[in-house]
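A.B. asks: Please find one structure pasted underneath; my questions will follow.
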Amino acid sequence: MKLVLGLVVLNLAVGAHAMTIVTVSTPEPKVEASVGGSAELKCEFDIQPNSTQPPTIAWFKGNDDFRGAERIYTGHKVWGNETERREDSFGDYIGRVEVADLDKPAIKISGIRSTDFARYWCTVAEWGVRTEFGVDAKSVLLTETGNSLVHPIDISVSGEKEVDEGADVEMTCQCQGCFYPTFDWFKGPAFAGSEWVTTGNYTHIASKEYLGIMGFVDLEMEDGFDQFSVTPSNSLRLTGAQVADAGRYWCKVTNGGIADIKATVLKVKVPEFTCAGKADGYYPDPEDCAMYYQCLYGFPQPFHRPCGYAGMVFNPEHLYCDWAFNVGPPCGGLDQRPSLHL
């Protein structure tokens, strides 16, 4: 389905429209439990600006990271009637998992089995956007009570970054207590899809591995990313940021066979849109995929319009609003760059 833009002139306000950004946090990165008992894995999220639709919550189980992990739960409120909710559990977790509050979606696992001790991922998707900005995930490590051999990786990454177009920027990633870790940087749509398959098209940018006490480092940069570099402090540096570089960047740290991954968001500011020197027609809003500008003869100021339907974004190739999965990055799920599926 495509929504072709009409020529009806509406008196819409002109101005910046912020991209919806989802941020997930897990207050307790490690939880202990005993076989036969139960455990609660806490998760909280923030959506700015507030969404008009309830987000979808999903929990995954996977010791590497959430991409391609086992889905154990999904749930969401019903749009227009948020007193109702729809939810499912999967596999060995059918009947053993419960999320009492979808606004603070902690998951309770009952009847703990030895196979349950693993890393779990709380993933939150803002349904109406489904871009790199609209999905985030954080993990909780579930371990057996008294098992002192398992320690969570303590990763910290940059907060949200906003830079002018053409400026340089660094996105930091640090791991406390890591010895000879490997750092991998990715960019990509955490788009969950209709079946909540999160393998997605995550584009691998760089890998940096510490090889031992002698301080040797193996650094590999993927082809086509000449504007990126990895600093001695493991930050990802971007030179001359462009609008297409905006999105969500993931830092994955692997240490002693244990891995975790966290994301930081990059926003690239652009000059205020003007119709001066432009032909009549439709133009993408580089700061909000679900908005577009219209230049029309006789009106010196551009009209700033929404696509109107949740899940639709402006297609700059065809100049109409389209479903996000038909549009390339950074607004949609199509990705023309080489990608790595993990």
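A.B. asks: For the stretch 44-63, give me the residue count where each residue is surrounded by 13 or more Cβ atoms within 10 Å (Cβ to Cβ) and closer than 18 Å to Val157 by Cα.
C.D. replies: The number of residues fulfilling the criteria is 2.
A.B. asks: Quickly run through the stretch 105-115 and pick out the residues that are of a type in the set (Val, Ile, Thr) and assigned to a loop (DSSP other than H, G, I, E, B).
C.D. replies: Pass one, the stretch 105-115, residues of a type in the set (Val, Ile, Thr): 107, 109, 112, 115.
Of everything in the stretch 105-115, just one residue is of a type in the set (Val, Ile, Thr) and assigned to a loop (DSSP other than H, G, I, E, B), namely Ile112.
A.B. asks: Suppose the filter is free of Cβ contacts under 8 Å to residues at least 60 places away in the same chain, under 30 Å from Asp64 (Cβ atoms), buried (at least 20 other Cβ atoms within 10 Å of the Cβ) and not acidic (Asp, Glu); does Val253 pass it?
C.D. replies: Values: free of Cβ contacts under 8 Å to residues at least 60 places away in the same chain: no; under 30 Å from Asp64 (Cβ atoms): yes; buried (at least 20 other Cβ atoms within 10 Å of the Cβ): yes; not acidic (Asp, Glu): yes.
For Val253, the condition - free of Cβ contacts under 8 Å to residues at least 60 places away in the same chain, under 30 Å from Asp64 (Cβ atoms), buried (at least 20 other Cβ atoms within 10 Å of the Cβ) and not acidic (Asp, Glu) - is not met.
A.B. asks: Determine which member of the set Ala244, Ala259, Ala279 is outside the structural domain of Phe60 (by TED's automatic domain parsing), surrounded by fewer than 20 Cβ atoms within 10 Å (Cβ to Cβ), small (Gly, Ala, Ser) and within 22 Å of the chain's Cα centre (by Cα).
C.D. replies: Values: Ala259 fails: surrounded by fewer than 20 Cβ atoms within 10 Å (Cβ to Cβ); Ala279 fails: within 22 Å of the chain's Cα centre (by Cα).
Result: Ala244 is the single residue among Ala244, Ala259, Ala279 that is outside the structural domain of Phe60 (by TED's automatic domain parsing), surrounded by fewer than 20 Cβ atoms within 10 Å (Cβ to Cβ), small (Gly, Ala, Ser) and within 22 Å of the chain's Cα centre (by Cα).
A.B. asks: Among (1) in contact (Cβ under 8 Å) with a residue 60 or more places away in the chain; (2) assigned by TED's automatic domain parsing to the domain that holds Gln176; (3) of a type in the set (S, T, N, Q), which single condition is Gln301 missing?
C.D. replies: For Gln301, the failing item is (2).
A.B. asks: Being more than 23 Å from Tyr202 (Cα to Cα), of a type in the set (Asp, Glu) and within 23 Å of the chain's Cα centre (by Cα) narrows it down to one residue among Asp168, Asp92, Asp116, Asp164; which is it?
C.D. replies: Only one candidate qualifies: Asp164.
A.B. asks: Scanning for something of a type in the set (Gly, Ala, Ser), outside the structural domain of Ala324 (by TED's automatic domain parsing), at pLDDT below 95 and not in a loop (DSSP other than H, G, I, E, B), does the stretch 116-124 turn up at least one residue? Write out each step before concluding.
C.D. replies: So in the stretch 116-124, the residues of a type in the set (Gly, Ala, Ser) come out as 118.
Filter once more, so that each one left must be outside the structural domain of Ala324 (by TED's automatic domain parsing): 118.
Applying the additional criterion that residues be at pLDDT below 95 yields 118.
Still in the list and also not in a loop (DSSP other than H, G, I, E, B): none.
Checked against the condition, which is being of a type in the set (Gly, Ala, Ser), outside the structural domain of Ala324 (by TED's automatic domain parsing), at pLDDT below 95 and not in a loop (DSSP other than H, G, I, E, B), the stretch 116-124 yields no hits at all.
A.B. asks: For residues that are over 22 Å from Gly146 (Cα atoms) and in a loop (DSSP other than H, G, I, E, B), scanning just the stretch 17-47, find the one that is modelled with the lowest pLDDT. Reasoning before the result, please.
C.D. replies: First pass over the stretch 17-47, keeping only residues over 22 Å from Gly146 (Cα atoms): 17-25, 43-47.
Retained after the next criterion (residues that are in a loop (DSSP other than H, G, I, E, B)): 17-20, 43.
Working: His17: 40, Ala18: 55, Met19: 68, Thr20: 79, Cys43: 98.
Per the stated criteria, the residue is His17.
A.B. asks: Could you list, in sequence order, the residues of the stretch 69-85 that are under 22 Å from the mean Cα position of the chain (by Cα) and either under 18 Å from Ile109 (Cα atoms) or free of Cβ contacts under 8 Å to residues at least 24 places away in the same chain (or both)?
C.D. replies: Within the stretch 69-85, Ala69, Glu70, Arg71, Ile72, Tyr73, Thr74, Gly75 qualify.
The values are calculated or read from the model by the stated rules, or taken from the named source; none is laboratory data. Model, not experiment: these values are computed from the prediction. With ideal geometry, Cβ positions are generated from the backbone for all residues, glycine too; neighbour counts draw on all protein chains shown.
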